[in-house]
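Asker: Below is the structure I would like to discuss, written out as structure tokens.
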Amino acid sequence: MPQTHPAPPLDVDVLIVGGGLVGGTLAAALAQDGVSTALIDTEDPATLTAPAHDGRASAIALAGQKVFAGTGIWPHMAGHTQPIEDIRVSDGPSLLFLHYDHRQIGTEPLGHMAENRIIREAIHARLKELEAAGKPLAWLAPARVAEIRREAGGARARLDDGRTLTARLVVAADGRGSPTRTAAGIGVRKYDYHQTGIVLTIGHEKPHQGCAFEHFLPAGPFAVLPLPDDPTEGHRSSLVWTERSRLAPAILKLPDDAFQAELESRIGDFLGAVRPLGPRFGYPLSLQHAAAYHARRLVLVGDAAHGMHPIAGQGMNMGLRDIAALAQVVVDSHRLGLDVGGAQVITDYVRWRRFDNMLMLAVTDGLNRLFSNDMALLRTARDLGMAAVDKWPDLKRLFMRHAMGQTGTLPRLMRG
Amino acid sequence: MSAISTASPEETAKFAAMADSWWDPEGKFKPLHKFNPLRIGYVRDRLAEHFGRTDRLEGETPFEGLRLLDVGCGGGLIAEPMARLGFDVTAIDAGEKNVKIAALHAEQSGVKVDYRHCLPEDLAEEGKTYDVVLILEVVEHVADLAHFLQSVGRMVRPGGALIAATLNRTAKSLVMAKFGAEYVVRWLPRGTHDWRKFVKPSELTDHMRHAGLTPGEVKGMTYHPFADSWEMTGDLSMNYIMFATKP
């Protein structure tokens, strides 16, 4: 390797490893409030927004939308999202419906659907805006962390290309397989569902009217989630088809006409003729939770801390809750001149988020176990249960508020 | 060293013995760490107002260019944040071990603070003056309060500010601070405070006036035991903080 004079380390308050939806939003939240931040991602931002990179779409709960609004990201995506006006849930061949209608709790929609690609583009646009405004943000991508040394007074990171950074706090936002978490020796508890989420965008003849359908089939939930109309493709929805993992590879490889026939048999005819748009993606589903959310000078956020079953569409929204809480404790400490990576900040963040996340993991896991099942007795019980929820407005309002992300102690960013 | 020392030797020895655990937020000084954000927030906001820096509070170093003296700095729980907020900080303590630990910690954290093991009267005799002098949780440990305030008062430049925080000498504080805080809740190690040395707000304002200062706003800092949190209130019966200026 050529020897050059080493550049002085870049000194920041917070170093975020991982520039995905959660890490990127945290960078915007911190930099806009004057907390000096470095955001590192191994991928070139242009690759991340290519349609072939991530075929998923996300349901953004109302609280998540507030986080995007509070960080200046929402205006960059507002024209490309689909409000969810109501949610219909049905159970196998049963005729009992659970019907969530947003008019039961207010006038705001239950959430918004957006393709992940669109959310990433909006985050990138906001980060560029903050850089241009002279906010203290160093966005290093593509770049790879070679080593992080965490010491009593701060952390020092060395990148693959030889650059060094010093920071008070390191945030691991590098996903389910988080190398930062592994390097810190933090283990994960993992449960494999033996289910695969088959994800793709479909075009359809009739409009979806802003309605999300969740159909519980024996193999797992099958969801049709509304996307905004496309000028060339017309009416679109995002499909999440949960299948047993041993069958999924064969389904993913089916010829187009056979795949289409499988789709039609599951969706029915309420959207008219349907056709796949673009590639099919397969995501193995597992539940995992980090054994700890922190180590000296380090905290975990988003999927690095917790991965859950997508049944309730809460994965990204929980990540946004994490970073809204973390941004609040960090910004508050920074404004007082306190050490943003000190034990107090870390303790405050972990106490705030860990219990809430454990509860949500347990709830979504339980829902999946309850619904991925075809036992007649269980089916009758849950049919009656769903009908009861539908007939009991107070209970249903509580469920809906939870789906919208409005329960628990909300960080300022989530209150809007 | 001056002829009359304002720090009593027993007091100095007591604090030095505890200094090792200054910076552990879950350690012996947990209550001070809990309490710190409230008093720093008050200090920051009042000083920003006084020096016309309110519009700079969201920036990196709102108090750049101002000199601050932290008297009785302990492990540096106030001095470091003040330096990060942009003040040019000198911090002194009568306990040599405190100063050493504070200097070591600041170096580790990459914060620039000029720590000195000396008494305020030493600096005052050198003719040093500052834009801001802080005497937080200090006067209740001082042997000769009148002399102490004369010394610190001399070091506030005309137009500058002084902020003092301490414990009031009331029946409630006798019960709470002495038996409640130190014995029951175990906030602070036993024997940290001597209730007889607690200072009434009226006594503090008298000493301030004699030292050429103009006492201003006084606020209470109240602990809510069930929420385990602190709040600024109008209740001066326990912890209070006083803002003063020098004409």
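Asker: Which of the trypsin sites (Lys or Arg not before Pro) found in segment B:99-150 are loop residues per DSSP with 16 or fewer other Cβ atoms within 10 Å of their Cβ?
Answerer: Those that pass, being in a loop and sparsely packed, are B:Lys112, B:Lys128.
Asker: Could you work out [θ]222 nm for chain B from helices alone, using -39500 (n - 2.57) per DSSP H run of at least four and dividing by all its residues? Round to the nearest 500 deg cm²/dmol.
Answerer: Mean residue ellipticity, 222 nm, calculated: -9500 deg cm²/dmol.
Asker: Quick one: which residues, 5+ away or cross-chain, put their amide H under 5 Å from the amide H of A:Asp11? H built at 1.01 Å from N.
Answerer: For A:Asp11, the qualifying residues are A:Thr166.
Asker: Tell me which residues come under 5 Å, amide H to amide H, from A:Ser245 once H is placed; ignore anything under 5 positions away on its chain.
Answerer: A:Gln195, A:Thr196
Asker: Just need the Rg to Rh number for segment A:203-281, please, alpha carbons only, Kirkwood Rh.
Answerer: 0.95
Asker: Most exposed first by the Cβ proxy, i.e. fewest other Cβ within 10 Å, how do A:Phe355, B:Phe29, A:Phe213 rank?
Answerer: Going from least to most buried by this count: A:Phe355, A:Phe213, B:Phe29.
Asker: Over the Cα atoms of segment A:144-239, how large are the radius of gyration and the largest Cα-Cα distance (Dmax), in Å?
Answerer: That works out to 21.9, 61 Å for Rg and Dmax.
Asker: Taking neighbour counts of Cβ atoms within 10 Å as a proxy for exposure, in what order, fewest first, do A:Cys211, B:Cys118 appear?
Answerer: In order of increasing Cβ crowding within 10 Å: B:Cys118, A:Cys211.
Asker: Follow-up question, since we're still on this one. With θ taken as phi - 60° and the coefficients 6.51, -1.76 and 1.60, list the Karplus ³J(HN,Hα) couplings across segment A:222-239 in order, rounded to whole Hz; mark glycine and proline as x.
Answerer: Each residue of segment A:222-239 in turn: 10, 10, 10, 10, x, 10, x, 4, 10, x, 9, 8, x, 5, 9, 9, 9, 10 Hz.
Asker: May I pose another question? List A:Phe222, B:Phe226 from most exposed to least, where exposure is judged by having the fewest other Cβ atoms within 10 Å.
Answerer: B:Phe226, A:Phe222
Asker: If each of A:Thr347 and A:Ala261 carries a label point 7 Å out from its Cα toward its Cβ, how far apart are those two points in nm?
Answerer: Rounded to a tenth, the inter-label distance reads 6.5 nm.
Asker: From Cα pairs below 8 angstrom and at least 6 apart in sequence, can you work out the relative contact order of segment A:203-281, rounded to a whole percent?
Answerer: Relative CO of segment A:203-281 lands at 34 percent.
Asker: When only DSSP loop residues count, what GluC sites (Glu not before Pro) in segment A:180-273 have their Cβ near at most 15 other Cβ atoms within 10 Å?
Answerer: Of the GluC sites (Glu not before Pro), the ones in loops of segment A:180-273 whose Cβ has at most 15 other Cβ atoms within 10 Å are A:Glu205, A:Glu233.
Asker: Same structure, new question: Separation of segment B:203-225 and segment A:235-291 by C-alpha centroid, Å?
Answerer: Taking the Cα centre of segment A:235-291 as reference, the centre of segment B:203-225 is 70 Å away.
Asker: What percent do you get for the relative contact order of chain B when only Cα pairs under 8 Å and 6+ apart count?
Answerer: Relative contact order for chain B comes out at 19 percent.
Asker: Which far-off residues, 5 or more places away or on another chain, put their amide H under 5 Å from the one on A:Arg144, with H placed in the peptide plane?
Answerer: A:Asp160, A:Asp161
Asker: Using only atoms on other chains, find how many Cβ atoms lie within 10 Å of each Cβ of peptide A:330-343 and report the average.
Answerer: 6
Values quoted throughout were computed directly from the atomic coordinates according to the rules given, and no laboratory measurement underlies them. A quick note: this is a predicted structure, and the numbers were derived from the prediction, not measured. As a convention, Cβ positions derive from the backbone with ideal geometry for all residues, glycine included, and neighbour counts pool all protein chains shown.
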